[in-house]
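A.B. asks: Before anything else, here's the structure in question.
The values are calculated or read from the model by the stated rules, or taken from the named source; none is laboratory data. Fair warning: this is a prediction, and the values are worked out from it, not measured in the lab. Here Cβ is always computed from backbone atoms with ideal geometry, including for glycine, and neighbour counts include all displayed protein chains. For the accessible areas, the whole protein counts, side chains as well, though only heavy atoms, and no ligand, DNA or RNA atoms are used. Shrake-Rupley method; radii C 1.70, N 1.55, O 1.52, S 1.80 Å.
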Amino acid sequence: MSLDDYNRLLVPISEQDHIQGLVSSSVVLVEYGDYQSLTCGETHQLIKAIQQQVNDLCFVFRHFPQPQIHPYAQRAAEASEAAAAQGQFWQMHDILFTHQQELGNDYLVEYANNLGLDIPQFLQDISSQIHIARINQDIESGLHSGVTAAPALFINGIRYSDSWNIEQLMAAIVTASY
């Protein structure tokens with residue numbers, strides 16, 4: 001594997017990914033994220049702002065929880081997948097990033113309830129850990145592309161490595177769109 005490969009997204013976007021926008025967009029932004037990471041929380045705000053400004057943008061979120069430093073990240077990822085099973089991934093995704101300091105189990109149930117999810121099903125999904133394999137697939141795909149920590153961003157398949165601010169990220173996205 002060449003060094004260059006570590007800067008490329010080696011696992012293509014597929015049906016099972018969480019996607020906002022069209023995969024055929026001129027810019028495809030892939031984030032590997034952790035719901036408890038404050039930097040991921042800031043990145044979430046940046047991406048939201050960019051989505052307001054760039055029409056032809058596809059955003060893909062892949063899980064990359066880091067339980068060794070963020071004890072609630074894995075369970076939060078499972079909660080987002082349990083919400084996804086009921087068609088509410090992005091709604092839960094936004095809530096988890098909005099309430100990063102409140103990711104304990106009671107909070108997760110409260111968020112699910114606020115979204116009108118089927119709570120017994122939600123709890124069943126989490127207690128039976130049926131979504132762990134899906135989350136691990138995301139982690140594996142990240143490791144395969146050289147991701148070692150979240151957040152990690154790829155713009156049109158190339159690892160983004162400039163400053164994490166709106167100007168730099170926007171510039172990279174505009175450049176990628178040509």
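A.B. asks: So residue 155 passes all but one of these: (1) under 25 Å from residue 15 (Cα atoms); (2) out of contact with any helix residue (DSSP H, G or I) (no Cβ under 7 Å at 6 or more places or on another chain); (3) in contact (Cβ under 8 Å) with a residue 60 or more places away in the chain; (4) surrounded by fewer than 21 Cβ atoms within 10 Å (Cβ to Cβ). Which condition number does it fail?
C.D. replies: (2)
A.B. asks: Another one. So, residue 57, is that one within 28 Å of residue 99 (Cβ to Cβ) and open to solvent by 10 Å² or more (accessible area, probe 1.4 Å) or not?
C.D. replies: Taking the combined requirement at face value, the residue satisfies it.
A.B. asks: Could I ask something else about it? Just to check your reading of the model, which residue among 109, 147, 174 is open to solvent by 30 Å² or more (accessible area, probe 1.4 Å), among the hydrophobic types (A, V, I, L, M, F, W, C) and over 26 Å from residue 52 (Cβ atoms)?
C.D. replies: The match here is 109.
A.B. asks: Sticking with this structure for a sec: Would it be correct to say that residue 43 is under 18 Å from residue 171 (Cα atoms) and either within 15 Å of the chain's Cα centre (by Cα) or at pLDDT 95 or above (or both)?
C.D. replies: Here the answer is yes, as residue 43 does meet what is asked.
A.B. asks: OK, next. May I ask you to list the residues in region 104-159 that are part of a loop (DSSP other than H, G, I, E, B), over 18 Å from the mean Cα position of the chain (by Cα) and among the aliphatic types (A, V, I, L, M)?
C.D. replies: 115, 117, 130
A.B. asks: Here is a further query. Conditions first: (1) over 18 Å from residue 147 (Cα atoms); (2) of a type in the set (Val, Ile, Thr); (3) open to solvent by 10 Å² or more (accessible area, probe 1.4 Å). Residue 11 passes all but one, so which condition is the exception?
C.D. replies: Residue 11 satisfies all of (1) over 18 Å from residue 147 (Cα atoms); (2) of a type in the set (Val, Ile, Thr); (3) open to solvent by 10 Å² or more (accessible area, probe 1.4 Å) except (1).
A.B. asks: From the list 136, 114, which one is surrounded by fewer than 18 Cβ atoms within 10 Å (Cβ to Cβ) and either in contact (Cβ under 8 Å) with a residue 24 or more places away in the chain or more than 28 Å from residue 27 (Cα to Cα) (or both)?
C.D. replies: Of the residues listed, the single one that is surrounded by fewer than 18 Cβ atoms within 10 Å (Cβ to Cβ) and either in contact (Cβ under 8 Å) with a residue 24 or more places away in the chain or more than 28 Å from residue 27 (Cα to Cα) (or both) is 114.
A.B. asks: What strands (runs of 3 or more DSSP E), lying completely within region 1-63, carry at least 3 residues that are over 15 Å from residue 138 (Cβ atoms) and in contact (Cβ under 8 Å) with a residue 24 or more places away in the chain?
C.D. replies: Qualifying strands (runs of 3 or more DSSP E): 27-33.
A.B. asks: Among the residues of region 161-178, is any hydroxyl-bearing (Ser, Thr, Tyr), in contact with a Lys or Arg (Cβ under 7 Å, 6 or more places away or on another chain) and not in a helix (DSSP H, G or I)?
C.D. replies: no
A.B. asks: So, one more: Which of (1) under 18 Å from residue 35 (Cα atoms); (2) crowded, with 17+ Cβ neighbours inside 10 Å; (3) of a type in the set (Asp, Glu) is the odd one out, the single condition residue 125 does not satisfy?
C.D. replies: Among (1) under 18 Å from residue 35 (Cα atoms); (2) crowded, with 17+ Cβ neighbours inside 10 Å; (3) of a type in the set (Asp, Glu), residue 125 violates only (1).
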